[in-house]
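Colleague: Below is the structure I would like to discuss, written out as structure tokens.
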Amino acid sequence: MIFDFANYDQLIPLVTNSLIAAALLGLVGGLIGIFVMTRDMSFAVHGVSELSFAGASIALLLGADVVAGSIAGSLVAALIIGVLGSRAKDRNSIIAVLMPFGLGLGILALSLYPGRASNKFGLLTGQIVSVNGTSLEWLAGIAILVILSLVIIWRPLSFASLDPEVAAARGVKTGALSVIFLVLLGLAVAASVQVVGALLVLSLLVTPAAAALRVTSSPKLAPVLSVAFALTSSVGGILLALGGGLPISPYITSISFAIYLVCRLVAYARKVRK
Amino acid sequence: MSVKNASLSFGEKALWQNLDLEIAPGEFIAVLGTNGSGKTTLLKAILGQQKLDSGKISIAGKPIKHGSRNIGYIPQHRSVDSSTPLLARDLLTLGLTGHRYGISFSARKDRARVEHILGCINGFDLARKPIGELSGGELQRFRVGQAVIDEPDLILADEPLSALDPAQQKIIADLLDQERKEHSAAVLFVTHDVNPILSMVDRVLYLANGQYRIGTPDEVMRSEVLSELYETEIDVVRNQGRIVVVGSHSHEHHPEEDWK
């Protein structure tokens, strides 16, 4: 049976932490996704998430904190991309080089890890186990930091993403902003890896924003819709997973993909009507 | 704005040497020259993004480090990705508030200013259109608006008319002319074709072969002046108010190819 909601009211309290984590991730993913799209960095998200996976796996092997390892991996990737890949073409090749290296490193660390096998692949494809108190504190800290920073740099970052040369001429520190953005992206990726897994991070950090930008070009409505889509996917995914007995990730990715499809259809319908 | 004794070279090749240039408020200067003669690099040097080998550049007595709010900038036309979440009027808003961090506290005043510029560039009908859907000419109209909205003392334009048809070129050039007169902003206009802006140009700065000539169009755009500059035979032909520069073989081998 795919769905069984018989004991639903008793299950909810057990996943409160996971729900809070998912909501925070939805907020972060929806907001930062707008800039991932406008700065054309979907591929970077994927690359950073593989190194984040490597960091988390190595931390698991060494008995260190997995979230801290995941953040360390993300930040290393973000800084490498930030320093070496200021031009789009360089950036893509650097990411393509980093990505398999990170994945391989992570798999190596996991194979050497003597612990239970079911936990291992959680880092790649998402955790079934509920988020515990400590990792929720980490996630909340990261989420608040990323959201506040994004609100502060929103306007100059929009300007720099649209027309870097014009923004720089007007005194916007475009170089510093792109490094700051990559660090924030690294943090957001590290947080998402904890819940959806490294391979599926794109479903929270890219798909909701991509869907929103299909249906609106308003700078106010786009982040609102993107956050709403990301929240629906992340929180909705967990609620459905409770009744399903399958991992959280397939629910999150399916909802997020379905929203994207609907948005494409809406955009198409509008175009035809014109 | 003043440029004093500025020199810049790439390796052995001098882009320009001992360049002296004083621009008065409200003055319109066209920067001409072949590709690789250092036109765009001059703009970068003014913005403080390109270090000079020697010399100084300052605006109102002060050097510029990393751009300035005293400067408006109009880039070359490039189409904007259709998924960019900005409306045409947001281009203007960014010109006014794009450098500000955090949340806006002067939204009403800024909106009034945006409305004013929308009127100037005849952009009310387009204001709510996504910028990814604007035509080249429409986009450049808003870029002129963006450059003047914060009332800069100096407007730098880097080939803003390229890729536009002649009718659109005229609209953009006239708009820029009118706006700089209204705000008495100086304009430094990089272009490879002086004709669309000939009627509004006060002086021409012609860069070639690591040297330069500056003066009114009539003083600089002459066969003997450009021949001397290029060190080869150049014909400057005037035809129905247009200036056509006809080179011999010199254009086939210009500095750009030596260091690219």
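Each reported figure results from applying straightforward, stated rules to the coordinates on display, with no laboratory input. None of these values were measured; they are calculated from a predicted model. Cβ sites come from the backbone with ideal geometry, for glycine too, and all protein chains shown count toward neighbours.
Colleague: If each residue's Cβ is checked for other Cβ atoms within 10 Å, how do A:VAL195, B:VAL245 rank with the fewest at the top?
Modeller: Sorted ascending by nearby Cβ count, the order is B:VAL245, A:VAL195.
Colleague: Here is a further query. Tell me which GluC sites (Glu not before Pro) from the stretch B:12-89 have a DSSP coil assignment and no more than 14 other beta carbons within 10 Å of their own.
Modeller: B:GLU12
Colleague: Here is a further query. Would you list the P(r) distribution for the protein assembly as shown, with all Cα-Cα distances sorted into 10 Å bins from 0 and each bin expressed as a whole %?
Modeller: In order of increasing distance, the bins hold 4, 17, 23, 20, 16, 11, 6, 2, 1, 0 percent.
Colleague: If each DSSP helix of 4+ residues adds -39,500 (n - 2.57) and the sum is divided by the residues in chain A, what number results at 222 nm, nearest 500 deg cm²/dmol? Write out the running numbers ahead of the final one.
Modeller: Working: 14 runs with 222 residues, N = 274.
One gets -27000 deg cm²/dmol as the mean residue ellipticity at 222 nm.
Colleague: Beyond 21 Å between alpha-carbons counts as too far, so tell me which of B:LYS4/B:LYS44; B:LYS4/B:LYS65; A:LYS173/B:LYS4; A:LYS274/B:LYS170; B:LYS44/B:LYS181 fall in that bin. Intermediate results must be reported in sequence, preceding the final value.
Modeller: Values: B:LYS4/B:LYS44 16 Å; B:LYS4/B:LYS65 16 Å; A:LYS173/B:LYS4 26 Å; A:LYS274/B:LYS170 31 Å; B:LYS44/B:LYS181 24 Å.
Distance filter (> 21 Å) returns A:LYS173/B:LYS4; A:LYS274/B:LYS170; B:LYS44/B:LYS181.
Colleague: What residues of the stretch B:138-157 lie in the reach of a label at B:SER79, counting those whose backbone N is under 19 Å from a point 7 Å from the Cα along Cα→Cβ?
Modeller: B:138-143
Colleague: So, one more: Could you state the number of Å between the C-alpha centres of the stretch B:183-246 and the stretch B:30-79?
Modeller: The distance from the Cα centre of the stretch B:30-79 to that of the stretch B:183-246 comes to 19 Å.
Colleague: Another question, then. DSSP loop (so not H, G, I, E, B), at most 16 other Cβ within 10 Å: list which chymotrypsin sites (Phe, Trp or Tyr not before Pro) in the stretch B:39-124 pass both filters.
Modeller: Sparse-neighbourhood loop chymotrypsin sites (Phe, Trp or Tyr not before Pro): B:TYR101, B:PHE105.
Colleague: Continuing with the same structure: Based on DSSP, what percent of beta bridges with both residues in the protein assembly as shown are antiparallel, to the nearest 5?
Modeller: 55
Colleague: Compare the Cα positions of A:VAL179, A:ALA54, A:GLY29 along the charge dipole of the stretch A:8-199 (+1 at Cβ of Lys, Arg; -1 at Cβ of Asp, Glu; about the Cα centre) and return the one farthest towards the positive end.
Modeller: A:VAL179
Colleague: Using a 10 Å cut-off around each Cβ, can you sort A:VAL235, B:VAL225, A:VAL262 from fewest to most neighbouring Cβ atoms? Write down the numbers at each step before the final one.
Modeller: Working: A:VAL235 20, B:VAL225 17, A:VAL262 14.
Placing the least packed residue first, the sequence is A:VAL262, B:VAL225, A:VAL235.
Colleague: Also, quick follow-up: Averaged over its residues, how many other protein chain Cβ atoms are within 10 Å of peptide A:156-163's Cβ atoms?
Modeller: The per-residue average across the peptide is 6.
Colleague: Right, another one. How much FRET efficiency would the formula 1/(1 + (r/R0)^6) give for A:ARG264 and B:HIS66, where r is the Cβ-Cβ distance and R0 is 41 Å, rounded to 0.05?
Modeller: For R0 = 41 Å, the calculated efficiency reads 0.50.
Colleague: Output the 0 to 90 degree angle, nearest 10, between the alpha-carbon long axis of helix B:166-183 and the longest principal axis computed from the alpha carbons of chain B.
Modeller: 80
Colleague: Going through the DSSP H helices of chain A, which span 24 Å or more along their own axis at the Cα atoms while scoring at least 0.0 as a mean Kyte-Doolittle hydropathy? The partial results should precede the final answer.
Modeller: Numbers: long enough: A:16-38 (34 Å, 1.90); A:42-62 (31 Å, 1.44); A:66-84 (27 Å, 2.43); A:88-112 (36 Å, 1.23); A:133-162 (40 Å, 1.65); A:174-196 (32 Å, 2.27); A:221-244 (33 Å, 1.82); A:248-273 (38 Å, 0.88).
Membrane-span-like by this criterion, though nothing is claimed about a membrane: A:16-38, A:42-62, A:66-84, A:88-112, A:133-162, A:174-196, A:221-244, A:248-273.
Colleague: While we're here: With point charges of +1 on the Cβ of Lys and Arg and -1 on the Cβ of Asp and Glu, referenced to the Cα centre of the protein assembly as shown, which listed residue (A:PRO156, B:VAL31, B:SER135) lies farthest in the positive direction of the dipole?
Modeller: The one lying farthest along the dipole's positive direction is A:PRO156.
Colleague: Report the equivalent ellipsoid semi-axes for chain B in whole Å, largest first, defined as the square roots of five times the eigenvalues of the gyration tensor built from alpha carbon atoms. Could you put the intermediate results ahead of the total?
Modeller: Working: eigenvalues 216, 90, 56 Å².
Sorted largest first and rounded, they come to 33, 21, 17 Å.
Colleague: Report, in debye and to the nearest 20, how large the dipole of chain B comes out about its Cα centre when Lys and Arg carry +1 and Asp and Glu carry -1 on their Cβ.
Modeller: 1220
Colleague: What is the fewest-to-most order of A:VAL193, A:VAL76, A:VAL36 by other Cβ atoms lying within 10 Å of their Cβ? Let's see the in-between values first.
Modeller: Values: A:VAL193 31, A:VAL76 18, A:VAL36 23.
Result, fewest neighbours first: A:VAL76, A:VAL36, A:VAL193.
Colleague: Let me ask something else about it. Evaluate the distance, in nm, between pseudo-label points positioned 7 Å from the Cα of A:ALA6 and of B:LYS109 along their respective Cα→Cβ axes.
Modeller: Taking the simple label geometry, A:ALA6 and B:LYS109 are separated by 6.7 nm.
Colleague: Under 8 Å for C-alpha pairs, at least 6 residues apart: give me the relative contact order for chain B, rounded to a whole percent.
Modeller: Relative contact order for chain B comes out at 26 percent.
Colleague: Something else: Run the helix sum for chain B: -39,500 (n - 2.57) per DSSP H stretch of 4+ residues, divided by residue count, reported at 222 nm to the nearest 500 deg cm²/dmol.
Modeller: After summing the helix terms and dividing by the residues of chain B, the value is -9000 deg cm²/dmol.
Colleague: Next up: I'd like to compare A:203-212, A:138-147: which one has the highest average count of other Cβ atoms within 10 Å, and what's the full order after that?
Modeller: With the highest mean Cβ count within 10 Å placed first, the list reads A:203-212, A:138-147.
Colleague: In debye to the nearest 20, how big a dipole does chain A give about its Cα centre with +1 on each Lys and Arg Cβ and -1 on each Asp and Glu Cβ? List each step's numbers first, then the result.
Modeller: Values: 16 positive and 9 negative charges, 212 e Å.
Dipole of chain A, to the nearest 20 debye: 1020 debye.
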